[in-house]
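One structure is given here, and the rest of the page talks about it.
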Amino acid sequence: MAKMWAGRTAGQTDRIADDFNSSIAVDSKMYKQDITGSMAHAAMLGAQNIILQSEADTLIDGLQGILEDIESGKLAIDMSCEDIHMFVEQELTARLGDIGKKLHTARSRNDQVALDLRMYLREEAGEMVELIEQLLQVLTEQAETHKAVILPGYTHLQRAQPITFGHHLMAYAMMLLRDVDRLKDAIARMNISPIGCCALAGTTYDTDRVFEANKLGFDGIALNSLDGVSDRDFCVELMSGIAILMMHLSRFSEELILWSSWEFHFVELSDAYTTGSSIMPQKKNPDMAELVRGKTGRVYGDLMALLTTLKGLPLAYNKDMQEDKESVFDAVETAKMCLKVFIPMIDTMKVCADNMKKAAQTGFINATDLADYLVKKGLPFRSAYKISGQIVAQCIASGQVLETLPLETYRQYSELFDEDLYHEIDLTTCVEKRISAGGTSVNSVEKQIAFVKGKLEK
Ligand code: ARG
């Protein structure tokens with residue numbers, strides 16, 4: 001079939017060129033946005049007397065019919081079309097004849113595709129925000145339940161100081177809150193209408209771009225038509241936000257994987273989110289968490305792919321930009337899938353408080369508190385630090401822990417040691433005394449939980 005744009009050429013492209021050129025397999029996802037965008041365009045053309053009001057009404061009815069037929073399954077999208085825009089216009093013209101051919105007055109596929117993509121992504125990004133908020137919800141519930149559970153906090157993956165599990169979980173909540181902010185920010189900048197920029201230079205018709213933008217729920221219009229059709233910042237911004245979100249989910253996954261190993265055994269993931277091995281009967285593998293970690297690489301790739309595609313493009317539209325959708329759709333869909341599995345995985349996660357406590361009892365994670373004890377009795381911190389280090393070394397050599405070392409031994413290192421030291425190095429005391437704002441004490445964790453809950457309620 002000759003192309004709709006046949007004229008300058010016969011519109012008879014090679015089959016392979018057709019396949020290469022076509023984007024409908026990817027952009028058919030935007031059929032709803034394309035049709036509602038076209039309905040607003042027809043309404044504007046009618047209101048501005050660029051076409052007759054009766055023609056505008058016919059176009060809108062025709063478009064509505066196409067939308068309903070696609071949704072009900074009565075109309076299949078013709079995958080031999082170049083893209084979704086061509087398909088809808090072709091179908092409309094088949095249904096309405098010459099009136100259908102009036103729809104594309106005062107616009108171009110260049111502003112049309114930019115419009116569709118913004119409309120599609122603002123919805124997707126909004127759904128992603130909701131998913132992150134659901135994750136925040138289950139995360140805060142787990143933190144609330146386990147706010148007093150003690151485990152070792154790590155630096156360099158070496159046991160460092162005792163912390164509460166609630167505190168650890170709330171660290172991820174803070175990251176996710178920032179992710180929500182970033183996505184909302186991207187949505188706000190995305191919600192500017194490019195329609196009416198036309199091919200690149202605007203148009204000679206007396207259009208009303210603000211009318212169209214309002215009808216489609218945009219907050220404003222692109223103020224420069226060259227920019228309006230060339231701008232894909234909104235995709236890059238969204239993908240950057242998603243890449244950071246995935247980085248957070250990946251770090252969390254890494255911890256879940258470590259924690260569910262026999263070596264740690266801090267948590268048990270529900271059977272629903274783990275798999276077995278085809279050969280080793282004892283295995284329970286944290287595949288979902290591993291996949292989230294793995295898919296993070298793929299999402300970074302999507303972001304890099306689009307940045308690289310855009311970096312050398314002259315103004316205004318270039319066909320290279322058709323590549324945008326594959327990357328941004330993949331990033332959005334991958335992240336949404338990861339969130340959908342992450343939410344119930346966290347919700348059903350069992351916490352092995354005893355194992356966490358046991359790990360906290362070895363590894364001398366109260367050594368800082370031992371030093372602080374001496375400091376409070378008047379010793380300069382550096383000297384207290386040195387003594388505590390020597391005591392740890394002795395414990396290691398004699399197979400003891402700080403809690404069981406007799407007072408006489410302590411006194412060999414400093415006269416300042418007294419019976420009360422045992423209370424000071426008790427893990428619960430260590431945690432409860434971390435009262436500084438944002439610290440690990442139960443009271444501080446409760447404040448963090450209240451803060452996140454307040455944000456979620458808004
Ligand atoms: N399928 C194209 C895309 O996704 C639509 C815009 C085509 N514009 C053009 N002048 N060829 O970018």
Selection within the stretch 398-409 - small (Gly, Ala, Ser) and either modelled with pLDDT of 95 or more or within 48 Å of the chain's Cα centre (by Cα) (or both): Gly399
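Of everything in the stretch 12-34, what is within 12 Å of Met119 (Cα to Cα) and within 12 Å of the ligand (Cβ to nearest atom)? Give them in sequence order.
Lys29, Met30, Asp34
Could you list, in sequence order, all residues of the stretch 255-284 that are assigned to a helix (DSSP H, G or I) and in contact with a helix residue (DSSP H, G or I) (Cβ under 6 Å, 6 or more places away or on another chain)?
So in the stretch 255-284, the residues assigned to a helix (DSSP H, G or I) come out as 255-259, 271-273.
Result: Leu256, Ile257, Tyr273.
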Which listed residue is crowded, with 16+ Cβ neighbours inside 10 Å, within 14 Å of the ligand (Cβ to nearest atom) and among the small types (Gly, Ala, Ser), from Gly46, Gly62, Gly37: Gly37
Tally of residues being farther than 11 Å from Val26 by Cα, more than 9 Å from the ligand (Cβ to nearest atom) and crowded, with 18+ Cβ neighbours inside 10 Å across the stretch 315-327: 1
Residue pairs meeting the criteria (Cβ under 6 Å; at least 6 apart or on separate chains; first free of Cβ contacts under 8 Å to residues at least 24 places away in the same chain and more than 7 Å from the ligand (Cβ to nearest atom), in the stretch 102-114; second in a loop (DSSP other than H, G, I, E, B) and not basic (Lys, Arg)): none
Near pairs, Cβ below 8 angstrom, 6+ apart or cross-chain, from the stretch 261-289 (under 17 Å from Met345 (Cβ atoms)) to any residue that is part of a strand (DSSP E or B) and hydrophobic (A, V, I, L, M, F, W, C): Phe266/Leu151; Phe266/Val351; Val267/Val351
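Table: residues versus (1) in a helix (DSSP H, G or I); (2) touching a helix residue (DSSP H, G or I) at 6+ places or on another chain (Cβ under 6 Å).
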| position | (1), (2) |
| --- | --- |
| Asp324 | yes, yes |
| Lys340 | yes, no |
| Ala359 | yes, no |
| Val375 | yes, yes |
| Tyr410 | yes, no |
| Glu415 | no, no |
Residue in the stretch 164-183 that is polar (S, T, N, Q), away from the ligand (no atom under 16 Å from the Cβ), at pLDDT 95 or above and more than 30 Å from Ile435 (Cβ to Cβ) present: no
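Being touching a helix residue (DSSP H, G or I) at 6+ places or on another chain (Cβ under 9 Å) and at pLDDT below 95 narrows it down to one of Ala143, Ala160, Ala148, so name that one.
Working: Ala143 fails: at pLDDT below 95; Ala148 fails: at pLDDT below 95.
Checking each option against the conditions leaves just Ala160.
For the stretch 215-223, check the following and say yes or no: at least one residue is assigned to a helix (DSSP H, G or I) and on the phi < 0 side of the Ramachandran plot.
Let us first name the residues in the stretch 215-223 that are assigned to a helix (DSSP H, G or I), namely 215.
Narrowing the set further to residues that are on the phi < 0 side of the Ramachandran plot leaves 215.
Yes: one or more hits.
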Restricting the stretch 162-181 to residues that are of a type outside the set (A, V, I, L, M, F, W, C) and surrounded by 19 or more Cβ atoms within 10 Å (Cβ to Cβ), the residue that is farthest from Lys147 (Cα to Cα): Asp179
Residue in the stretch 133-146 that is of a type in the set (Gly, Ala, Ser), over 30 Å from Leu223 (Cβ atoms), more than 16 Å from the ligand (Cβ to nearest atom) and not in a helix (DSSP H, G or I) present: no
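Answer yes if at least one residue in the stretch 87-94 is surrounded by fewer than 20 Cβ atoms within 10 Å (Cβ to Cβ), assigned to a helix (DSSP H, G or I) and more than 16 Å from the ligand (Cβ to nearest atom), and no otherwise. Write out each step before concluding.
Taking the stretch 87-94 as the starting set, the residues that turn out to be surrounded by fewer than 20 Cβ atoms within 10 Å (Cβ to Cβ) are 90, 93-94.
Checking the rest, the ones that are also assigned to a helix (DSSP H, G or I) come to 90, 93-94.
Checking the rest, the ones that are also more than 16 Å from the ligand (Cβ to nearest atom) come to 93-94.
The answer is yes; a qualifying residue exists.
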Residue tally, condition surrounded by 14 or more Cβ atoms within 10 Å (Cβ to Cβ) and over 36 Å from the mean Cα position of the chain (by Cα), over the stretch 1-34: 3
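Please tell me if Ile391 is in a helix (DSSP H, G or I), away from the ligand (no atom under 16 Å from the Cβ), under 32 Å from the mean Cα position of the chain (by Cα) and within 23 Å of Gly153 (Cα to Cα). I'd like the intermediate steps shown before the answer.
Working: in a helix (DSSP H, G or I): yes; away from the ligand (no atom under 16 Å from the Cβ): yes; under 32 Å from the mean Cα position of the chain (by Cα): no; within 23 Å of Gly153 (Cα to Cα): yes.
So Ile391 fails the test.
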Residue count, the stretch 356-403 (criterion: out of contact with any Pro (no Cβ under 7 Å at 6 or more places or on another chain), among the hydrophobic types (A, V, I, L, M, F, W, C) and surrounded by 13 or more Cβ atoms within 10 Å (Cβ to Cβ)): 15
Near pairs, Cβ below 6 angstrom, 6+ apart or cross-chain, from the stretch 18-34 (closer than 20 Å to Asp111 by Cβ) to any residue that is of a type in the set (Asp, Glu) and in a helix (DSSP H, G or I): Val26/Glu326; Met30/Asp116; Gln33/Asp116; Asp34/Asp116
Any hit, the stretch 119-141, residues being crowded, with 19+ Cβ neighbours inside 10 Å, of a type in the set (Gly, Ala, Ser) and farther than 22 Å from Lys350 by Cα: yes
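The values are calculated or read from the model by the stated rules, or taken from the named source; none is laboratory data. Here the structure is a predicted model, which means the values were calculated and not measured. A quick note on method: Cβ atoms are made from the backbone with ideal geometry, for glycine too, and the neighbour counts reach across all protein chains shown.
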